[in-house]
Amino acid sequence: MQKIDSVAIYKIEVILKMNIKNLKGDIFGGLTAGIVALPLALAFGVQSGLGASAGLYGAIMLGLLAAIFGGTNTQISGPTGPMTVVSATVVSVAISKFGGIDNAWGIIILTFLLAGVFQIIFGLLKIGKYIKYIPYPVLSGFMSGIGVIIIVFQIFPVLGLSSPSKIIDVFKELPNVIQSSNNTSIILTLSTILIIYLFPKISKVVPSTLVALITITLISVILKLKIPLIGEMPTGIPALRITSLADLKISDMSFVILPALTLAGLGMIDSLLTSVVADNITRTKHNSNKELIGQGIGNIASSFFGGIPGAGATMRTVVNVKSGGKTKLSGVVHAILLMLIVLGLGKYVAFIPLSALAGVLITVGISIIDTKGLKSILKISKSDAFILVTVLILTVFVDLLQAVGIGMVIASIIFMRKASDLVEGNSSLNKVEKYDREMSWADEENLLLKRDHVYIKRFDGPIFFGITSKILERINKIPNDAKVIIFRMKKVPFIDQSGLYALEEVIKEMQKNGIIVVLTMLQEQPLFLFKKNKFIPNIIPEEYLFKNIEDCAVWLEEYCKIMETEPKD
């Protein structure tokens, strides 16, 4: 019997890639992530137009299956802002086209199901690896645009009214409805936002979004306020919605292909960016293609029950890791907690005010907006700023997928022009005897640079969006004994915004580990970019910036002497 038990435990460990020694951390991480996920799942469900239950079902099914079959051990998946924005569009168009939600269920389910199928195809085709080639300005404009969309769509719920389905209509109809707004709803929304931002100053043990939701709901019930509520939602095991597909026609396929591809592409970007964040925190390496397959399986299962599609959720994943989660078990625990809430507490969800959910979503929208990128818009190159603003505007007013596609095309054309100019300007007829990217350069031969705990990284060419993922990989390859790392920059003629932020992340991580990073022979454009963005001196102090390798060698000799005379611990 004991042998059978040990075999069973081993099989569970293989499936979940968990370590029994971290059982406590995984359980606590999963429970914490589940508590954070609850108000967000409810809010995203309501915003989608399918109701709070759709958000919960999506969080449960996707959260469970993506955790088991995905390629990122600590990833927590569920409805996200970007995915909900597209889902809401799908729902509103389907309802308009087919005359009501009852007739539209089939087309909605098919769209969500196909999105999961496309994600699995992406994983099998190993498309996930290409996510690293998206430039930072494109991602910045895209995410900021989504944040703006989420916030704008909360204006009507804040006023106690139903929101139009199109963002243009929100601005058109707003002047006509201001007079009929519900002041109580406005007060509750503002109170929700204040609690979310202020409660962490008192305690961070309980998520502030959950505290805000419970507090505002209790106030609404006790005072018997007349405001729009979520209303009754199904309790118990959800009913299968896949039967709605039986009413569809072959001609309906043309309606769902593009929205499904949009959801799949967006889910891929959302999930894999979160996987990269998880890698940086845990110092691990995710499997991007396996992650896409897991996300696809989860979204297919979610569609069966009428749940909205989702992706890897950055905030929930970070909460999981910070709370002790290390393996797939934490994601499973998060989904089980949400399932228990649906089975036991679903009836109480009906009393949550829609204005409180609007407050939650406004804070989500604010957190999605890339304030770092927007603050730097006057400090980065005009081309990067143009890409960022263009993608942001297209995301808000045109289409999410088109925004990314157009942004990528513009970024590629601009880079090709800059690369062409650099090659033309640096052309020469010198004979190349030997080339090795990691060989010592000629100006290093007579210098005493080979010392213990000192490493040199030689950059050879522009640092741009196409290679930033390789730079970030260096974080996990820092030698344990490193004390000083010299970045040779004399062959770097150009750095874009993606490269700037990648270097910043790498250097901050090195400095966190007590490593001194110095730069040698910065060319004109990188030096100008660094100083304009306060990279110098905020990240790299002026004293660690050297005009040539000879000056760096002199400094290194003095530094090593000081280190040798310091008392050992």
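Is it the case that some residue within the stretch 524-541 is modelled with pLDDT of 80 or more, surrounded by fewer than 20 Cβ atoms within 10 Å (Cβ to Cβ) and within 17 Å of Lys457 (Cα to Cα)?
no
Per-residue answers, yes or no, for (1) within 28 Å of Met339 (Cβ to Cβ); (2) crowded, with 24+ Cβ neighbours inside 10 Å:
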site	(1), (2)
Ala59	yes, yes
Ile68	yes, no
Ile76	yes, yes
Ala88	yes, no
Gly99	no, no
Phe112	yes, yes
Tyr136	no, yes
Gly141	no, yes
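Return yes or no: is Ile120 touching a helix residue (DSSP H, G or I) at 6+ places or on another chain (Cβ under 8 Å) and surrounded by fewer than 24 Cβ atoms within 10 Å (Cβ to Cβ)?
Against the criterion (touching a helix residue (DSSP H, G or I) at 6+ places or on another chain (Cβ under 8 Å) and surrounded by fewer than 24 Cβ atoms within 10 Å (Cβ to Cβ)), Ile120 qualifies.
Name the residue that is surrounded by the fewest Cβ atoms within 10 Å (Cβ to Cβ), counting only residues in the stretch 293-325 that are modelled with pLDDT of 90 or more and part of a loop (DSSP other than H, G, I, E, B).
Ranking the qualifying residues of the stretch 293-325, first place goes to Phe305.
Just for the stretch 549-564: of the residues that are more than 16 Å from Lys457 (Cα to Cα) and hydrophobic (A, V, I, L, M, F, W, C), which one is modelled with the lowest pLDDT?
So the residue we want is Met563.
Being in contact with a helix residue (DSSP H, G or I) (Cβ under 7 Å, 6 or more places away or on another chain) and of a type in the set (Val, Ile, Thr) is the filter; apply it to the stretch 494-508 and report the residue that is nearest to Phe528 (Cα to Cα).
Ranking the candidates gives Ile495 first.
Looking only at helices (runs of 4 or more DSSP H) that lie completely in the stretch 339-415, which have at least 3 residues being in contact with a Gly (Cβ under 9 Å, 6 or more places away or on another chain) and surrounded by fewer than 19 Cβ atoms within 10 Å (Cβ to Cβ)?
382-397
Which ones in the stretch 517-558 are touching a residue at least 40 places away in the same chain (Cβ under 8 Å) and over 26 Å from Lys382 (Cα atoms)?
Asn548, Ile549, Glu550, Cys552, Ala553, Leu556, Glu557
In this structure, does Ala43 turn out to be in contact with a Leu (Cβ under 7 Å, 6 or more places away or on another chain) and either at pLDDT 90 or above or more than 20 Å from Ser271 (Cα to Cα) (or both)?
Here the answer is no, as Ala43 does not meet what is asked.
Every residue, every condition in (1) closer than 30 Å to Ile242 by Cβ; (2) charged (D, E, K, R), yes or no:
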site	(1), (2)
Phe122	yes, no
Met143	no, no
Val148	no, no
Ser163	yes, no
Asp169	no, yes
Lys172	no, yes
Val177	no, no
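Is it true that some residue in the stretch 232-243 is in the same structural domain as Gly29 (by TED's automatic domain parsing) and part of a helix (DSSP H, G or I)?
Yes, the stretch 232-243 contains at least one residue that is in the same structural domain as Gly29 (by TED's automatic domain parsing) and part of a helix (DSSP H, G or I).
Consider Leu139 against the criteria (1) more than 22 Å from Leu62 (Cα to Cα); (2) part of a helix (DSSP H, G or I); (3) hydrophobic (A, V, I, L, M, F, W, C); (4) at pLDDT 85 or above: it satisfies all of them except one. Which criterion is unmet?
(4)
Between residues in the stretch 168-192 that are surrounded by 16 or more Cβ atoms within 10 Å (Cβ to Cβ) and residues that are part of a helix (DSSP H, G or I) and among the hydroxyl-bearing types (Ser, Thr, Tyr), which pairs lie under 6 Å by C-beta distance while being six or more apart or on different chains?
Ser185/Ser355; Leu188/Ser355; Thr189/Ser355
Would you check if Gly325 is in contact (Cβ under 8 Å) with a residue 60 or more places away in the chain and within 21 Å of the chain's Cα centre (by Cα)?
So Gly325 passes the test.
Suppose the filter is of a type in the set (Lys, Arg) and assigned to a helix (DSSP H, G or I); does Lys290 pass it?
Yes.
Between a first residue in the stretch 394-412 that is more than 20 Å from Gln497 (Cβ to Cβ) and a second residue that is surrounded by fewer than 21 Cβ atoms within 10 Å (Cβ to Cβ) and among the aliphatic types (A, V, I, L, M), which pairs have beta carbons less than 6 Å apart while being 6 or more apart in sequence or on different chains?
Pairs that qualify, where the first residue is more than 20 Å from Gln497 (Cβ to Cβ) and the partner is surrounded by fewer than 21 Cβ atoms within 10 Å (Cβ to Cβ) and among the aliphatic types (A, V, I, L, M), are Val396/Val148.
The values are calculated or read from the model by the stated rules, or taken from the named source; none is laboratory data. Keep in mind it's a predicted model, so treat the numbers as computed, not measured. Because the Cβ atoms are built from the backbone with ideal geometry, glycine has one as well, and the counts that use them run over all protein chains shown.
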